[in-house]
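Student: So that we are looking at the same thing, I have put the structure below in structure tokens.
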Amino acid sequence: MKLVIDTNIYCDYAEGRPETVDMIATHGEHICIPSIVVGELTYGFIQGKRQQSNERKLRQIVNRLKIEVIDVTVDVARKYAMIYLSLKKTGNRIPINDVWIAACCMEVGGTLLTRDKHFKYVGQIETIVL
């Protein structure tokens, strides 16, 4: 299975939460992380007291698990527009960064692994909510 990890899943994995570690180990034949998630993580690292340590740990996890970073491209932007319009039409709003994360997931045809239940409103992607 191609797993796309959300920000909260990266944090859970980095902290060693068993359910998340097991899910990634069992089902993560191919793991992706949207560049938006990297941005959210970096923002959090900058706000904290262990920025360098956290950035180093992120690089180590990405390298060890061979995680592919999904960049925002014109195709991702088009998917973002489709998802955003669909959510607007149904009256289901989700945080704007999460629309971008969903678009990245849609681009690679992955399954989003998250703790955020609001992704159930995004019909264009498969999700697993832990």
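The values are calculated or read from the model by the stated rules, or taken from the named source; none is laboratory data. This is a predicted model, so every value here is computed, not measured. We place every Cβ from the backbone using ideal geometry, glycine too, and count neighbours over all the protein chains shown.
Student: Taking into account only those residues within the range 46-59 that are in contact with a Phe, Trp or Tyr (Cβ under 8 Å, 6 or more places away or on another chain) and closer than 16 Å to SER35 by Cα, which is surrounded by the most Cβ atoms within 10 Å (Cβ to Cβ)?
Tutor: So in the range 46-59, the residues in contact with a Phe, Trp or Tyr (Cβ under 8 Å, 6 or more places away or on another chain) come out as 51, 54-55, 58.
Filter once more, so that each one left must be closer than 16 Å to SER35 by Cα: 55, 58.
Numbers: GLU55: 14, LEU58: 18.
Of everything passing the filter in the range 46-59, LEU58 is surrounded by the most Cβ atoms within 10 Å (Cβ to Cβ).
Student: Turning to a different aspect of this structure: State the number of residues belonging to the range 24-82 that are of a type in the set (S, T, N, Q) and more than 13 Å from TYR10 (Cα to Cα). Quick ask: steps written out before the conclusion?
Tutor: Pass one, the range 24-82, residues of a type in the set (S, T, N, Q): 26, 35, 42, 47, 51-54, 60, 63, 73.
Pick out the ones that are also more than 13 Å from TYR10 (Cα to Cα) and you get 26, 47, 51-53, 63, 73.
Counting residues in the range 24-82 that are of a type in the set (S, T, N, Q) and more than 13 Å from TYR10 (Cα to Cα) gives 7.
Student: May I pose another question? Anything in the range 93-108 that is of a type in the set (A, V, I, L, M) and either modelled with pLDDT under 95 or outside any helix (DSSP H, G or I) (or both)? List them, or say none.
Tutor: ILE94 - this is the single residue of the range 93-108 that is of a type in the set (A, V, I, L, M) and either modelled with pLDDT under 95 or outside any helix (DSSP H, G or I) (or both).
Student: Okay, next question. Select from the range 60-82 the residues that are more than 12 Å from CYS32 (Cα to Cα) and of a type in the set (D, E, K, R) and write down the one among them that is surrounded by the most Cβ atoms within 10 Å (Cβ to Cβ).
Tutor: LYS79
Student: Given the structure, is ASP75 under 15 Å from the mean Cα position of the chain (by Cα) and closer than 16 Å to ILE101 by Cβ? Working first, answer last.
Tutor: Working: under 15 Å from the mean Cα position of the chain (by Cα): no; closer than 16 Å to ILE101 by Cβ: yes.
Spelling it out, it is not the case that ASP75 is under 15 Å from the mean Cα position of the chain (by Cα) and closer than 16 Å to ILE101 by Cβ.
Student: Hey, another quick one. For the condition at pLDDT 95 or above, more than 13 Å from ILE36 (Cβ to Cβ) and surrounded by 14 or more Cβ atoms within 10 Å (Cβ to Cβ), what is the one hit in THR111, THR90?
Tutor: Numbers: THR90 fails: surrounded by 14 or more Cβ atoms within 10 Å (Cβ to Cβ).
None of the other options fit; the residue is THR111.
Student: Is there a residue in the range 23-40 that is acidic (Asp, Glu) and in contact with a helix residue (DSSP H, G or I) (Cβ under 6 Å, 6 or more places away or on another chain)?
Tutor: Looking only at the range 23-40, we keep the residues that are acidic (Asp, Glu), and these are 29, 40.
Within this subset, residues satisfying the condition of being in contact with a helix residue (DSSP H, G or I) (Cβ under 6 Å, 6 or more places away or on another chain) are 40.
Yes: the range 23-40 contains one or more residues that are acidic (Asp, Glu) and in contact with a helix residue (DSSP H, G or I) (Cβ under 6 Å, 6 or more places away or on another chain).
Student: Pairs needed: first member in the range 55-75, closer than 19 Å to ASP6 by Cβ; second member anywhere, part of a loop (DSSP other than H, G, I, E, B) and modelled with pLDDT under 95; C-beta distance under 8 Å; at least 6 residues apart or different chains.
Tutor: Sorted first by the residue in the range 55-75, then by its partner, the pairs are LEU65/GLY28.
Student: Taking interchain pairs and intrachain pairs at least six residues apart, which have beta carbon atoms under 7 angstrom, with the first residue in the range 4-24 and under 13 Å from LEU112 (Cα atoms) and among the charged types (D, E, K, R) and the second modelled with pLDDT of 95 or more and in a loop (DSSP other than H, G, I, E, B)?
Tutor: Cβ pairs passing all conditions: ASP6/ASP116.
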